[in-house]
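Engineer: Quick one: this structure, given as structure tokens, is what I'll be asking you about.
The values are calculated or read from the model by the stated rules, or taken from the named source; none is laboratory data. Since this is a predicted model, take the numbers as computed values, not measurements. As a convention, Cβ positions derive from the backbone with ideal geometry for all residues, glycine included, and neighbour counts pool all protein chains shown. Accessible surface areas use protein heavy atoms only, side chains included; no ligands, DNA or RNA. Shrake-Rupley method; radii C 1.70, N 1.55, O 1.52, S 1.80 Å.
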Amino acid sequence: YRLSTKALAQIDSTKVAAKTRAAAMAMLREYDVPERDHLAQIEAIYRGVRARVRYVEDVRGVDTYQLGIRTLELGGGDCDDYSILLSSLLESIGFKTRLKVIETKAASKKRRALREPNWDHIYVLVGFPKRNPKKCPRNHM
């Protein structure tokens, strides 16, 4: 499992920026987020995605990537699809984000057997505070 430019390219192209921003704004309104409450914005986007998107694994044997807005439309995706969606939504309302790829304990056992890296999970890091994020935090949502 590698973080590829394909995954990064799915984070908000100009063609989907308006739809992505509209979806983010709808989530902020749904959770009645006060203006400039950046932590509440992050929480509302996270809760909105959790309420709308079901975890579904990729097609067997194929690691796929889809646009964030497509994940929202389909109502499902795996961890990279969730991460691309969350990152796209947060970026559309001004947050700086990064994607973090890790190897879980189960993958680590498999890696030792195969003698190769087995990066099997990805999540979003969000720069906070929004106005002057020195760097994205180590903790994830």
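Engineer: Would you kindly state how much longer the chain becomes between His121 and Lys100 on full extension, computed as 0.36 nm times their sequence separation minus their alpha carbon distance, in nm to one decimal?
Structural biologist: Taking His121 through Lys100 to full extension adds about 6.7 nm, to one decimal.
Engineer: Now a separate question. Using a 1.4 Å probe on the protein heavy atoms only, what accessible surface does Thr71 show? Give it in Å² to the nearest 10.
Structural biologist: 0 Å²
Engineer: When only DSSP loop residues count, what GluC sites (Glu not before Pro) in segment 32-104 have their Cβ near at most 11 other Cβ atoms within 10 Å? Let's see the in-between values first.
Structural biologist: Details: sites: Glu35, Glu43, Glu57, Glu73, Glu91, Glu103; in loops: Glu35, Glu57, Glu103.
Within segment 32-104, the qualifying GluC sites (Glu not before Pro) (loop, at most 11 other Cβ atoms within 10 Å) are Glu35, Glu57.
Engineer: Contour minus end-to-end for Arg47 and Thr64, with contour as 0.36 nm per residue of separation and end-to-end as the Cα-Cα distance? Write down the numbers at each step before the final one.
Structural biologist: Working: separation 17, 0.36 × 17 = 6.12 nm, distance 2.40 nm.
Once the chain is fully extended between Arg47 and Thr64, it gains 3.7 nm.
Engineer: If you don't mind, another one. For Leu39, Leu67, Leu85, write out the residues from largest to smallest accessible area, computed with a 1.4 angstrom probe and no ligands counted.
Structural biologist: The ranking, largest first, comes out as Leu39, Leu67, Leu85.
Engineer: Turning to a different aspect of this structure: List, in order, the whole-Hz ³J(HN,Hα) value for each residue of segment 17-29 obtained from phi through the Karplus relation with A = 6.51, B = -1.76, C = 1.60 and θ = phi - 60°; use x for Gly and Pro.
Structural biologist: 4, 5, 5, 5, 5, 4, 5, 5, 4, 4, 5, 5, 5
Engineer: Something else now. Between Leu74 and Glu35, what is 0.36 nm times their sequence separation minus the Cα-Cα distance? Round to one decimal in nm.
Structural biologist: In short, 11.1 nm is gained.
Engineer: Related question: Could you order Arg60, Arg29 by accessible surface area, starting with the largest, using a probe radius of 1.4 Å?
Structural biologist: Most to least solvent-accessible, the answer reads Arg60, Arg29.
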